[in-house]
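Beneath this line is the structure, given in structure tokens, with notes to follow.
Laboratory data are not the source of any read-out in this text; all were calculated from the coordinates shown. None of the values given here were measured: they were computed from a predicted structure. Neighbour counts run over all protein chains shown; Cβ positions are idealised from the backbone, glycine included.
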Amino acid sequence: MTAFEPKNPGYRAAAIAMFDAQPATTLLAPARGERFVFKAEVVKPGRTLTFCEAKAYAEHDGKTKQIATMTGTLMAMLPAA
């Protein structure tokens with residue numbers, strides 16, 4: 001679960017909780033390396049459901065290898081008014 005507070009002063013300051021309604025993680029290789037890089041993007045934002053994708057990479061001896069992938073459908077839970 002994650003939460004954030006809107007930065008725009010036009011919004012009322014209220015935390016919004018995000019729950020992963022449909023997580024899917026695939027581990028492709030062992031997580032070995034000197035450095036790890038994670039790239040994520042929102043594929044399709046929505047009012048209540050948002051579809052996201054992420055990839056994890058390991059850097060070792062100057063080479064980069066993808067070690068995991070994740071997809072998730074996040075559901076926004078707005079606070080009660």
Quick one: Kirkwood hydrodynamic radius for the range 25-81, alpha-carbon pairs, angstrom, one decimal? 13.0 Å
Among Lys65, Lys44, which comes first, second and so on when ranked by fewest other beta-carbon atoms within 10 Å? Lys44, Lys65
Taking H placed 1.01 Å from N in the peptide plane, check which residues at least 5 places from Gly33 or on another chain put their amide H under 5 Å from its amide H. none
Using a Förster radius of 22 Å, what is the FRET efficiency between Leu27 and Phe51 based on their Cβ-Cβ separation? Nearest 0.05, please. 0.60
From the backbone phi of the range 50-61, what are the Karplus-calculated ³J(HN,Hα) couplings (6.51 cos²θ - 1.76 cosθ + 1.60, θ = phi - 60°) in whole Hz, Gly and Pro given as x? 10, 9, 10, 9, 8, 9, 10, 10, 10, 10, 8, 6
